[in-house]
Amino acid sequence: MPKINGNEIRPGNVLEHNDGLWVAVKVGHVKPGKGGAFAQVEMKNLRNGSKLNERFRAADKVEKVRLEQKDQQFLYENDGMLVFMDTDTYEQIELDAEILGDRRPFLQDGMTVTIEYHESEALSATLPQKVTCKVVETEPAVKGQTAANSFKPAVLDNGVRVMIPPFVGQDESIVVNTETMEYSERA
């Protein structure tokens, strides 16, 4: 694995530190009036989600880890475990449903998900950025309510609550951004 200097750490980098895999969330470069400069790095553990603040000087060497990304198709859920299939080898793997966190309701049958691996261990799963959902419950549009930035609450077919524009009605399909969990556009 390549080693990088402490001042080369960027947000999103995956590092091997203290016998664990950490992703750099925030990086701030600090030049105090006295002493040498350092990078103040906020990191999140990829295995258990714990956070850590660490200082790295320019002379410090850190192991940078490259994660292998594979696109895999979601098949079904069984006892809190999600079953995915590698579309190249047809090999199936089971991952805990917690790997998706609060984005779990957006997972749909047959959806292609990007799973990141370190050696043979699955560390994270990323849904497509945009998912089409159906509005099952919302308030009717109020006539004359066309002011900019006025949104109304809605419940989607997967049970998630989002804010939608007043012109979108019940039983319409919309596109939701899975990163921000907000309305994106009409489908």
Modelled FRET efficiency - R0 30 Å, Glu77 with Lys44, Cβ distances, 0.05 increments: 0.70
List Asp60, Asp102, ordered by accessible area with a 1.4 Å probe, largest first: Asp102, Asp60
Accessible surface of the chain, 1.4 Å probe, proportion on carbon and sulfur as whole %: 45
Principal semi-axes in Å for the stretch 146-187 [√(5λ), Cα gyration tensor, largest first]: 16, 12, 10
Length released on extending from Arg104 to Glu16, taking residue separation times 0.36 nm less the Cα-Cα span: 28.9 nm
Residue list for the stretch 1-29, given a label point 7 angstrom along the Cα-to-Cβ vector of Lys61 and an amide N cut-off under 18 Å: 1-9, 15-20
Heavy-atom SASA rank of Asp171, Asp19 (probe 1.4 Å, accessible area, largest first): Asp19, Asp171
Largest-first principal axis extents, alpha carbons of the stretch 1-136, Å: 59, 37, 23
Average accessible area per residue (Å²) across the chain - probe 1.4 Å, nucleic acids and ligands excluded: 61
Length-normalised contact order of the chain in % [C-alpha pairs under 8 Å, at least 6 apart]: 14
Dipole magnitude of the chain, debye to nearest 20 (Cβ charges: Lys/Arg +1, Asp/Glu -1, about Cα centre): 1380
Rg and Dmax of the stretch 1-53, Cα atoms only, in Å: 11.8, 37
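The values are calculated or read from the model by the stated rules, or taken from the named source; none is laboratory data. Just so it is clear, the model here is predicted, and its values are computed rather than measured. Cβ sites come from the backbone with ideal geometry, for glycine too, and all protein chains shown count toward neighbours. Each accessible area value is taken on the protein alone, full model and side chains, heavy atoms only, with ligands, DNA and RNA left out. Shrake-Rupley method; radii C 1.70, N 1.55, O 1.52, S 1.80 Å.
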